[in-house]
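Right, one structure below, let's go through it.
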Amino acid sequence: MDLVFDGLVWTSYAQATLTTGGAEPPLPDDAFRGQANGLCGASVAGALFLVTGTHTGRVPVRVLVDDVAPDLGDWEEAVEVSLVPAGPEAALAGWGSDPAVRFSLSADAYRVRWSAAGMDAGRDQDVADDDHPAQDSYELALWPAPVAPDAILRRTSRIAAYWHDDGLRR
């Protein structure tokens, strides 16, 4: 396992993105088109749209790249999507393309798991700042795998249910 990032990512409107190669950050409506899950949009080639509970502020995110799928662990929410990189360089960014980390991807296709804990607490808090750290946390795990439909692996919070069911019309 390669831990490529373990830090804080700026979110506003509960959004972050992962882009690869020359791909642009996806628009929300485009990113989730045709998907079952509402937390990790992967319908735009070479990019992901990531949803958080916290509306505005810095949220903890870990990014892992491995050769195999990681264990689900104790995460309360977990969704999986496929990503075909548009190039070997990936960039995780918060709202407004605020850069968090750049890293390399060498495979032709990846399975990506976006996992979360404390999404309801993050949503209830709404704004995270230095005096009030985010109550939610996330893990983005990537491993080489053939392209497959997106899937909801765990669904426990009311805010995740909202995003899966009603958040962005697909």
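Miscellaneous remarks
- Of the residues making up region 60-85, those that are surrounded by fewer than 18 Cβ atoms within 10 Å (Cβ to Cβ) and over 30 Å from Asp124 (Cβ atoms) are Asp66, Asp67, Val68, Ala69, Ser82, Val84.
- Gly38 being out of contact with any strand residue (DSSP E or B) (no Cβ under 6 Å at 6 or more places or on another chain) and assigned to a strand (DSSP E or B): no
- Here Gly57, Gly94, Gly38 are screened, and the one residue that is on the phi > 0 side of the Ramachandran plot and surrounded by 21 or more Cβ atoms within 10 Å (Cβ to Cβ) is Gly57.
- In region 80-109, the residues that are farther than 14 Å from Ala16 by Cβ and under 13 Å from the mean Cα position of the chain (by Cα): Glu80, Val81, Ser82, Leu83
- Count of region 123-149 residues which are at pLDDT 95 or above and in a loop (DSSP other than H, G, I, E, B): 12
- Taking residues in region 1-28 that are closer than 18 Å to Leu83 by Cα, and partners anywhere that are exposed (fewer than 15 other Cβ atoms within 10 Å of the Cβ) and polar (S, T, N, Q), the pairs with Cβ atoms closer than 7 Å and at least 6 places apart or on different chains are Pro25/Ser97.
- Matching residues in region 13-32 - criterion: being buried (at least 16 other Cβ atoms within 10 Å of the Cβ) and over 17 Å from Ala93 (Cβ atoms): Phe32
- Across region 150-170, the qualifying residues are those that are in a loop (DSSP other than H, G, I, E, B) and at pLDDT below 95, and the one among them that is surrounded by the most Cβ atoms within 10 Å (Cβ to Cβ) is Leu168.
- Every pair of residues 6+ apart whose Cβ atoms lie under 7 Å, when the first sits in region 78-102 and is in contact (Cβ under 8 Å) with a residue 12 or more places away in the chain and farther than 23 Å from Pro146 by Cβ while the second is of a type in the set (Phe, Trp, Tyr) and surrounded by fewer than 20 Cβ atoms within 10 Å (Cβ to Cβ): Leu92/Phe5; Gly94/Trp10; Trp95/Trp10; Trp95/Tyr13; Asp98/Trp10; Ala100/Phe5; Val101/Phe5
- So Val147, is it hydrophobic (A, V, I, L, M, F, W, C), surrounded by fewer than 20 Cβ atoms within 10 Å (Cβ to Cβ) and within 17 Å of Val9 (Cα to Cα): no
The values are calculated or read from the model by the stated rules, or taken from the named source; none is laboratory data. Fair warning: this is a prediction, and the values are worked out from it, not measured in the lab. Methodologically, a virtual Cβ is constructed for each residue, glycine included, from the backbone with ideal geometry; neighbour enumeration extends over all protein chains shown.
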